[in-house]
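The values are calculated or read from the model by the stated rules, or taken from the named source; none is laboratory data. Model, not experiment: these values are computed from the prediction. Methodologically, a virtual Cβ is constructed for each residue, glycine included, from the backbone with ideal geometry; neighbour enumeration extends over all protein chains shown.
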Amino acid sequence: MTGSEVPHSFRLAYVPGVTPTKWVRIWNERLPDVPLTLVAVSPAEAFGVLRAGGADAGFVRLPVDRTDLSAIPLYTETTVVVIPKDHLVATAEEVSTEDLADEIVLHPLDDTLDWEALPGRPAFERPATTADAIELVAAGIGVLVVPQSLARLHHRKDLTYRPVTGAPESRVALSWPQDETTDLVEEFIGIVRGRTVNSTRGRPPTPPQPKAKAKSKRPEAGGGSGSGAQRKPAPGKTGKAAGKSPRGASGGPKGGKSTKGAKGGKPRRRP
C-alpha cells in the first residue's frame, strides 16, 4: 500500500460489553499517523455496519455469517444472573439454571445468548433492551441472565450477579468484510493476536542485518586444512632443519652427523 492509499483513519466497531482499550493503545503506539476511530454499535446492527462500510472491522458476538464476513473467535464470556443484593440467590457463590426455576427470568429483545429454552418463568412482555431489563431487576421484577461483561457495564450499587451453570455462553470475535481485508485490517488482526511489530502481517518485517564474514585462513603451501597443516619454517632455516633429519633421527647436529665421529661407529686407532 502506497502512502497515497493509506486511509486517514481506521474505524473499529464494538458491541456493548467489549472493552477495546488495550488494543487501541497498542494501535496508537504502532501507527501514530493513522488515528483509530471507535464506533459503538448494538449487537443487532453490528454486521450491517460492517457490510455497509461503516467500520473497517468490529468486535461482535458469534455467530457470524461467514458468507461475506470473516471472523476470528477471541474469547468466551462467563454467563451470570443479575439479581438484587438482598435476593436469596446472592447468598450462593454459583447457581444453576434449575435454581432459577421459580424466578421470572427477563428476556430482552437484544439478548445475546442463544437459548434453546429460557429457564424460570417468562415475564408478561419482553423488555426492549438489556438496560431496560436491568431497571426491572432493580425494581424487583424478575432476574436477568447475561454475559458478565454486560452485568459490569450496567452495574448498580443495589444489584449484584452470580455465575450460572447450564446456560449458553457468549463468544466475542473480531469480524470484517472478506473483500476488505486491507493492510490496516491485517495490522489490527496482528495486534489482537499478540504479534510483535516485526511479525505483523500488514507490515513487512525488518530485514535481518547481514552477518560479518569471518576471515578464512589460507592453508600453508604443501599443507592441508585443519589441524594437519604444517607450520611455516622459521626464517633462516631450511625445511630439513626445521623438521626431522633425513635418517629419522631428531635433535642431532646439522647434516645428520653423529657425535661419535664423522662416519659413526667405533673411533679410529692412530697408526
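Which one of Thr200, Thr181 is crowded, with 17+ Cβ neighbours inside 10 Å and either within 26 Å of Gly54 (Cα to Cα) or at pLDDT 95 or above (or both)?
That would be Thr200, the only listed residue that is crowded, with 17+ Cβ neighbours inside 10 Å and either within 26 Å of Gly54 (Cα to Cα) or at pLDDT 95 or above (or both).
Candidates are the residues of the stretch 91-131 that are out of contact with any Asp or Glu (no Cβ under 8 Å at 6 or more places or on another chain) and of a type in the set (Val, Ile, Thr); the one that is nearest to Val64 (Cα to Cα) is Thr112. Here is a check on your reading of the model: is Trp115 over 17 Å from Ser42 (Cβ atoms) and at pLDDT 95 or above? So Trp115 fails the test.
Identification of helices (runs of 4 or more DSSP H) wholly contained in the stretch 123-195 with 3 or more residues that are in contact with a His (Cβ under 7 Å, 6 or more places away or on another chain) and not acidic (Asp, Glu) yields 130-138. Checking each residue in the stretch 96-131 for being touching a residue at least 40 places away in the same chain (Cβ under 8 Å) and basic (Lys, Arg) picks out no residue at all.
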